[in-house]
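Everything on this sheet refers to the single structure shown next.
Read-outs throughout are calculated quantities, based only on the coordinates presented, and are distinct from any laboratory measurement. Note that the structure is predicted; figures quoted are calculated from it, not measured. A quick note on method: Cβ atoms are made from the backbone with ideal geometry, for glycine too, and the neighbour counts reach across all protein chains shown.
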Amino acid sequence: MNNKELISELSKRLRVSQNDISNLLASTVSAFSTAFQQGNDVSLQGFGIFQIRKKNERIIVNPSTNVRQIVPPKLTVIFKMSNTYKEKIKNIIPHGK
Amino acid sequence: MENKKQSIQELVDIIATQTNFTKKNSEEFLKEFVHVLQEYLEKDGFVKVKGLGAFKLVKNEERKSVNVTTGEAIIIPAHNKVSFIPDNAIKEAVNKPYAHLETITVDDDTKNSTIDAQPDNTVREEKSIQDEAKNNSIPNNTVIQQEETSNNSKKTKKNKKKNPVAIVILLLLFHVAMAVSFYFYKTEIVSFFQRAVTIEENNLPQATIIDNQLSPVSIVADTVVVVETDSMPDTTNIQQPDEIIATYTPELAQNAPIKEYVTVNEGSRLTWIAYKAYGHKAFWVYIYDANRNQLKTPNDVKIGMELAIPELDASLVNPNDENCVIKALELAEKYK
């Protein structure tokens, strides 16, 4: 399911115009983004939690040229499923598209 | 950066203020959004939200593991997992504090590692060649030799393939070594004939000629002989050289009577002049000391220069005495 389908599905269910849904979605994403930039976690109850993790710097070696490089540390977003959702999807076989 | 948890409620507040929807509507939307997300994850296994990221349902196959507390082997059954890949916009926004950092290439370590790796390879190859030769234990020597040569050729081929740079360096070194050895060879032959002629002119006794040829003490030899014959090895005489060696100062060489003057010609160096005068290259330091007035550094020797060769105590410039040589080398180390 891509963004377009998501918007049309939400608009159908909530009986709100696609334009409004699109605005709401953009606002949601920006709310997520600002929360992450402040270093906050975002939890969606019943689904999971988004957390900020620091990945440490590391040394990589190009195996063919033997060139060593230091990769700087970075911050990333990780998603952890909630336990209830974990149990729910445990044995589901997605149909795919 | 305090780690705070933001719940749906807080998100709703933000959304409501940003858009012209009521809190109630915003909450409804957000809950429905999560709901749809979950539903379509279960259905399609893939949901992409623009600006946030992609959610994917990934199947983890069953695998063996160990219960940490009991040490029992257990099987973790196959299960599904949601993987989240953040959108590039989110990634960049989150990583802002570290955005200025870039990957750095480490130079020194790579050089060391490559240099370390090269000899290892050659050693291994040599070992393998030796092993091969041992395994092929054929009594005929010539056969083994032939095999060895063929192995060597194989080895060089391997080397060429592996590191052509090393081969080039080796070749260069070989050329330099050849040039240096040829140079020494040439100068030695010339000087040998010169020395032989001077000895004949001086009409020295035959015994000293032989001495000169064997260990060229040259013209100092006279005094050496006198000292040795007049005063037979006394304990005091044995101690003396040590004292002279220990108390040597550059002034000693400077104030010493001058034995002869040597004109520097092409190819001459202090070491070579010392070898001709005292019979050992290491004694160049004394010549250098005696000629401090015209030599600022040991490498200052120029063609046409007249260098004074000081007449030094034989115990200081005895090429057969280890202590003399060691002392001279110590001095040389200082002057370099």
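The table for this structure:
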| read-out | value |
| --- | --- |
| Shielding by other protein chains, A:84-91, mean Cβ within 10 Å | 4 |
| C-alpha center-to-center spacing [the range B:1-52, the range B:315-336] in angstrom | 88 Å |
| Label point at B:K24 placed 7 Å out along Cα→Cβ; residues across the range A:1-24 whose backbone nitrogen lies under 17 Å | A:14-16 |
| Estimated FRET transfer efficiency when R0 is 60 angstrom, pair B:E306-B:I169 (beta carbons, to 0.05) | 0.90 |
| Potential lengthening between A:N83 and A:A26 on full extension [0.36 nm per residue; Cα-Cα distance subtracted] | 17.7 nm |
| Average partner coverage of B:79-90, which counts Cβ from other chains inside 10 Å | 5 |
| Rounded tilt (10° steps) of A:3-14 against the dominant C-alpha axis of chain A | 30 degrees |
| Amide N proximity, the range B:306-327 versus B:K334 label position 7 Å along Cα-to-Cβ, cut-off under 14 Å | B:326-327 |
| Only Lys, Arg (+1) and Asp, Glu (-1) charged, at Cβ; the range B:8-98 dipole about Cα centre in debye | 260 debye |
| B:N320-B:T249 FRET efficiency (beta carbon distance; Förster radius 22 Å; 0.05 resolution) | 0.40 |
| At R0 = 45 Å, FRET efficiency that the Cβ-Cβ distance of B:E10 and B:V106 yields, to 0.05 | 0.50 |
| Estimated dipole of the range B:54-96 in Debye, rounded to 20 [Cβ of Lys and Arg +1, of Asp and Glu -1, Cα centre] | 100 debye |
| Relative contact order (%) - chain A, alpha-carbon pairs under 8 angstrom, separation at least six | 19 percent |
| Cα-only Debye scattering, the range B:1-65: base-10 log of I(q)/I(0) at q = 0.11, 0.12, 0.24 Å⁻¹ | -0.40, -0.47, -1.05 |
| For the range B:16-104: rounded, prolate or oblate by the Cα gyration tensor [a/c cutoff 1.5] | oblate |
| For chain A, alpha-carbon Rg relative to the globular expectation (2.2 N^0.38 Å, N residues) | 1.54 |
| Separation in nanometres of the label points that stand 7 Å from Cα toward Cβ, at B:N88 and B:Y183 | 6.1 nm |
| Lys/Arg +1, Asp/Glu -1 at C-beta; the range B:6-65 dipole; positive extreme among B:F29, B:I8, B:V49 | B:V49 |
